[in-house]
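Colleague: This is the structure I want to talk about, given as C-alpha cells.
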Amino acid sequence: MEYFIGAIVVYILYRWISGNSRTNTIKDQKSRNTQSQISEYRASTYASPSANTSSISSYDSADDELATFTIQTSYGYESEKSLNKKKGLWIGDNEQLTINSRKLNKGFFYFGGVMKSLSGYDVEPSLVDETRAVSKPSLDNSAEIYTDESLGYWPSYATLSKGCKGAYLDWLASERSNPNIPVGYVFIYFYGLERRVIESDTTSDVSDPEFIAIFDEVLRLNKVFSDNRSFNRYSSHLLELMTLLRPLLLASKVDEIPETTNAFSFKIKLAETVVKEHPVGAELALAWLKNTIEYSLKMPARRCEEEFKQLFEIRFTQKFGEGILVKPNKTKLHLSYNPASNGIHGVDLTMEELPDPSILKGPINKLIPIAERCTEELASYSRYLGKVETSKNDIAALMLLPKELANESNSPVIRGFKKWAEQVIEKQDGLTTIKEFWFHTGMPFPKAINKKENELLTNLASKANIGIAPDQRFHQAKITVDGNIVLFTPAHGEFFEPSIAFNQVSLTMRLGVMVATIDGYVDQEEKFALQRLVDQDEKLSPSEKNSLKAYLIWRLNSPVNTVGLKARIEKLKTNEIEFLKKFMISIALVDGKVDSSEIKQIEKLYTSLGLDRSLVARDIHNLTASSSRTFTSSKSTDTSANTFKLDEGILAMHESETSDAKTMLENIFAVDDEPEVEIVSRVQTESDGLDDAHKKLFDILLSKEIWSRNEVHEFCSKLSLMVDGAIETINDWAYEKVNAPVLDDDGDIYVDLEIVEELKE
C-alpha cells in the first residue's frame, strides 16, 4: 500500500512539473491538453486505442530497497532502451546518409542514439536511431503507406513499430512531398526542425544561411500539408517565431507566412497600432475577431472566407469609417510559443515596450454584431456551396451573394441580363414573361415559382438595379410560372419601405383592375383613370409611383384572381359595401358607355363578389344621377358628348384618414390566397438511414453548435464508434438527404444548424 501511495505522489509531481512548464507558456489560450489543440492535431489521420491512458507500475529492487516506478505518459508504444551510444547530431540540409538501407539525399533531422528532449524527459522524439528495428524498404511507391496505433497523438521515432519506422524512413528518403503521408510522420520530422530553431535562440550553432534554409523548408511543408489545419497552424506559428528570433534576417519573408489564429504578427501589429494612436481598420479588426477567444467565426465565415472578408470590410467601413480608436491598456504584451513537440517547453517572449490590447473585450463587442450580420447575409450562399457539385461560378450561387459582392461590374451574367431588361423597359413598358426572364439565369425552367425561385428572380433583378412587379414583399401578389412580369428601373432599393398610401393605392388598384377587365378588354379611359390614382397622390414618393405603375401594367395583363374575396366582402358593413359598389361602377363606366352588355358584366362581378345582382341598375342610376357628367349610349354617334369621369371623391378616398374605405380595402385584399406548389416531397424528420449508434450520436450533437474533439471522442467511445468514421457516416447520410454535410471537422466539431433545419423540413 505504501508503494502504491508513493507511486501516486511521484506521478502527481511529474505531471505537475511538466504541466506547470506548459501552463506558463499558454496564458491566453486553452491548455493543449484540452479540446482543440490535442484533438485538432491528431484528428486528421489516425486514432490510438492506447491514447489518453497513463499507467504506473512498481517493483521491489533488492539492490537499493527502493521502489522503482515506470510512468507511461507518451501516446503510442513504450520505447525500448537503445544500445546506440552515439550522441545525437544534427544532419544539415546538404548532408547525405544511408540509414537502414535507405539513401537519404537531404538532412534536416537529428541522427544518433543518445539525445534527451529539450524538456529533459524521454528521448528526443525526432531522433532517428539506426540501431532500432525497422521494416524493409518499400519497393512499391504506389503502395498504401503503412501506419498503426504506434503513431500516437504525440508520435516519437523511438516508440514507432517496425513498420512505422520503415514507412517514416521511406518518406525521409523521398522528396518529402507526398501529401497523402499520414501527418504523424510529418510531425516527427517537424519536431526536429522545431527543436533546431528553438535551440538556436540559446546557442550560436545555427548560421544565418541554415536558419533561412530551415524557414524555407517549414514554409514548403506548410504548403504541401496545408489541408491539415493542425499542421498548418503549428508550422505557421514556428515561421512567426523565427521572424521574431531573427527579425532583420527574415524581414523580407514575413509576408510569405500563412495567416493563422493566435498569430504573433497580429498581436504585435495591433499593439503598435494602438501605441501610435492610429485607428484599428477593417483588416486588423477582422484579424482581431479571428484571434480572440471571445468569438468563433461560424460556418459561412469559414466556408466563404474571401467573401466574408470583403463583406466585413464593407460593413465595418459603413459603421466605423476609417476605424476604431483603442486606448493602450496596462497589460504588457506577452507572446508564448506552444510547440508541437511534447519534448519541448514553451518559449516566452515579453515585449515590455508594448501593451496587449488583444485581451480587451470592449472593441470585440463592437465587432461581433458586424460579424454576425455578415454571417447572416452569407448564410444562403454558404449553404448552397455546402451542397454536392456546386461552384462559386454558378448563377444560383451568384444570386445568393449580397449585392455589394455581385453586380454588373464583375459578372457577365448580370451585365447581359441588365442589357436585356433595359430593352424590355424601353420597348415593351417592361412587360415580359417569366419564361423569358428565367432564361437569363442559365438554369432549367422550374415547375413552379416557389419561395426559392422567387428569391432568385428578385436577387438577379436587384443586382442589376432592376425592379420587378409583382414583388411579393410589397405588392401582396405572387408570380406564376406561366404568367407575366413587369420590369422597371431603378429598383426598389435596399431600404424601400412601402408607405400607408402605397398600400392603399395598390389595394384600390387591384379592385379597379378587376372591374376594368370584367369584359375581357381594357379601355384606355379605364387605364388612365387607374393611372391617375397614382399620379394625383402627393403622398407617394417617386420610387413608390414607379413601382405602382409597373404593378398596374402587370395587373392589367394578368388573370383576375377573386379567391377569398367573397368571404371577406360578406364581413363588410353596409356603408362599406355601398362605397365598394360605387367605386366599382365608377371604374366600369369611366369609358362613358352604358349598354346592356356593360350592365351584364357588372352583374357578373356583383355575383362573383356575393353582392345582389338585381341592384346593379339602381346603383348605376344613383351614381349617374349624382354626377354632373352625362353618359352616352352605345348607339350614340356624338363623339363630342361629355363622358363620365372618375369621381374626384373616389380619387381622393385613400387620402382620408377618417374614411372607412381604407380599412375596408385592406381587409378585402390583405393577402393573396394562392397556394404554393409543392414540388419535392418533404424529408422525414426521423434520421432514417442511420443505425442506432450514429442516430444517438447525432441527437447528442444537436444540443449545441461547437464541440471539442475530446467531447465527441467520449461520446463515440460510449457508443463503440470511431470519431472520424462516425462523422463521415453522418455526413454521408446528410448528403443523401440534402446534398450537404451537417458536421464540419475543424479540429473542433461544428454542427451546421442551417443544414439541421433543412434535414428537419
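The values are calculated or read from the model by the stated rules, or taken from the named source; none is laboratory data. On a predicted model such as this, the values are computed, not experimentally measured, just so you know. Note: ideal-geometry Cβ built from the backbone for every residue, glycine included; neighbour counts use all protein chains shown. These area figures cover heavy atoms from the full protein model, side chains too; ligands, DNA and RNA do not enter into them. Shrake-Rupley method; radii C 1.70, N 1.55, O 1.52, S 1.80 Å.
Colleague: Considering the stretch 555-570 alone, what residues qualify as being outside any helix (DSSP H, G or I) and modelled with pLDDT of 70 or more? Working first, answer last.
Modeller: The first filter runs over the stretch 555-570 and keeps only residues outside any helix (DSSP H, G or I), leaving 557-564, 570.
557, 558, 559, 560, 570, listed by residue number.
Colleague: Something else about it: Can you confirm whether the stretch 242-252 contains a residue that is of a type in the set (Gly, Ala, Ser) and surrounded by 19 or more Cβ atoms within 10 Å (Cβ to Cβ)? Give the steps one after another, and end with the answer.
Modeller: Our first condition is that a residue be of a type in the set (Gly, Ala, Ser); within the stretch 242-252, this holds for 251-252.
Filter once more, keeping what is surrounded by 19 or more Cβ atoms within 10 Å (Cβ to Cβ): none.
Scanning the stretch 242-252, I find no residue that is of a type in the set (Gly, Ala, Ser) and surrounded by 19 or more Cβ atoms within 10 Å (Cβ to Cβ), so the answer is no.
Colleague: Please state which of the following conditions residue 242 fails to meet, knowing it meets all the rest: (1) part of a helix (DSSP H, G or I); (2) over 22 Å from residue 370 (Cα atoms); (3) not assigned by the TED database to the domain that holds residue 188.
Modeller: Of everything listed in (1) part of a helix (DSSP H, G or I); (2) over 22 Å from residue 370 (Cα atoms); (3) not assigned by the TED database to the domain that holds residue 188, residue 242 misses just condition (3).
Colleague: Examine the stretch 320-328 for a residue that is touching a helix residue (DSSP H, G or I) at 6+ places or on another chain (Cβ under 7 Å) and either without any contact (Cβ under 8 Å) to a residue 40 or more places away in the chain or within 26 Å of residue 741 (Cα to Cα) (or both), and state whether such a residue exists.
Modeller: No - not one qualifying residue is present in the stretch 320-328.
Colleague: Moving on. Filter the stretch 378-401 for residues that are buried (at least 21 other Cβ atoms within 10 Å of the Cβ) and not in a helix (DSSP H, G or I); which is modelled with the lowest pLDDT?
Modeller: Looking at residues that are buried (at least 21 other Cβ atoms within 10 Å of the Cβ) and not in a helix (DSSP H, G or I), I get 386.
Colleague: Which condition does residue 618 not pass, out of (1) out of contact with any helix residue (DSSP H, G or I) (no Cβ under 9 Å at 6 or more places or on another chain); (2) modelled with pLDDT under 80, if it passes all the others?
Modeller: (2)
Colleague: Filter the stretch 733-752 down to the residues that are modelled with pLDDT under 80 and part of a helix (DSSP H, G or I) and list them by number.
Modeller: The answer is 735, 736, 737, 738.
Colleague: Something else: Do you know which residues across the stretch 420-451 are at negative phi and in a loop (DSSP other than H, G, I, E, B)? Lay out the reasoning, then the answer.
Modeller: First, pick out the residues of the stretch 420-451 that are at negative phi: 420-428, 431-441, 443-451.
440, 441, 443, 444, 445, 446, 447, 448, 449, 450, listed by residue number.
Colleague: Out of the residues in the stretch 268-307 that are of a type in the set (Lys, Arg) and either assigned by the TED database to the domain that holds residue 234 or outside any helix (DSSP H, G or I) (or both), state the one that is most open to solvent (accessible area, probe 1.4 Å).
Modeller: First, the residues of the stretch 268-307 that are of a type in the set (Lys, Arg): 269, 276, 290, 298, 302-303.
In the following step, the residues that additionally are either assigned by the TED database to the domain that holds residue 234 or outside any helix (DSSP H, G or I) (or both) were identified as 276, 298.
On the way: 276: 126, 298: 65 Å².
My answer is 276.
Colleague: Further question: Can you tell me which residues in the stretch 110-167 are of a type in the set (Val, Ile, Thr), under 16 Å from residue 191 (Cα atoms) and touching a Phe, Trp or Tyr at 6+ places or on another chain (Cβ under 7 Å)?
Modeller: Correct list: 128, 159.
Colleague: Please verify whether residue 414 is modelled with pLDDT of 85 or more, closer than 22 Å to residue 403 by Cβ, crowded, with 16+ Cβ neighbours inside 10 Å and of a type outside the set (D, E, K, R), treating the condition exactly as stated.
Modeller: Values: modelled with pLDDT of 85 or more: no; closer than 22 Å to residue 403 by Cβ: yes; crowded, with 16+ Cβ neighbours inside 10 Å: yes; of a type outside the set (D, E, K, R): yes.
So residue 414 does not fit the description; no.
Colleague: Of the residues in the stretch 120-137, how many are under 48 Å from the mean Cα position of the chain (by Cα) and within 28 Å of residue 345 (Cβ to Cβ)?
Modeller: 10
Colleague: Being under 21 Å from residue 381 (Cα atoms), out of contact with any Asp or Glu (no Cβ under 9 Å at 6 or more places or on another chain), open to solvent by 10 Å² or more (accessible area, probe 1.4 Å) and not aliphatic (A, V, I, L, M) narrows it down to one residue among 427, 452, 447; which is it?
Modeller: 452
To keep it simple, each residue is scored yes or no on (1) surrounded by fewer than 19 Cβ atoms within 10 Å (Cβ to Cβ); (2) of a type outside the set (A, V, I, L, M, F, W, C); (3) in contact (Cβ under 8 Å) with a residue 24 or more places away in the chain; (4) in contact with a Cys (Cβ under 8 Å, 6 or more places away or on another chain).
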position: 343; (1), (2), (3), (4): no, yes, yes, no
position: 347; (1), (2), (3), (4): yes, no, yes, no
position: 357; (1), (2), (3), (4): no, yes, yes, no
position: 368; (1), (2), (3), (4): yes, no, yes, no
position: 374; (1), (2), (3), (4): no, no, yes, no
position: 404; (1), (2), (3), (4): yes, yes, yes, no
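Colleague: Specify which of the listed residues (314, 293) is closer than 30 Å to residue 708 by Cα and aliphatic (A, V, I, L, M).
Modeller: On inspection, the qualifying residue turns out to be 293.
Colleague: Every residue in the stretch 702-732 that is under 26 Å from residue 261 (Cα atoms) and not in a helix (DSSP H, G or I), please.
Modeller: Scanning the stretch 702-732 gives 704, 705, 706, 707, 708.
Colleague: Take the residues in the stretch 585-604 that are open to solvent by less than 10 Å² (accessible area, probe 1.4 Å) and among the aliphatic types (A, V, I, L, M), then tell me which one is modelled with the lowest pLDDT.
Modeller: We begin by selecting, within the stretch 585-604, every residue open to solvent by less than 10 Å² (accessible area, probe 1.4 Å); these are 585-590, 592, 602.
Still in the running and among the aliphatic types (A, V, I, L, M): 585, 587-590, 602.
Values: 585: 77, 587: 70, 588: 68, 589: 68, 590: 64, 602: 77.
Top of the filtered list is 590.
Colleague: Could you pull out the residue among 206, 254 that is of a type outside the set (Phe, Trp, Tyr), within 26 Å of residue 175 (Cβ to Cβ) and either at pLDDT 90 or above or in contact with a strand residue (DSSP E or B) (Cβ under 6 Å, 6 or more places away or on another chain) (or both)?
Modeller: Criteria check complete, one pass: 206.
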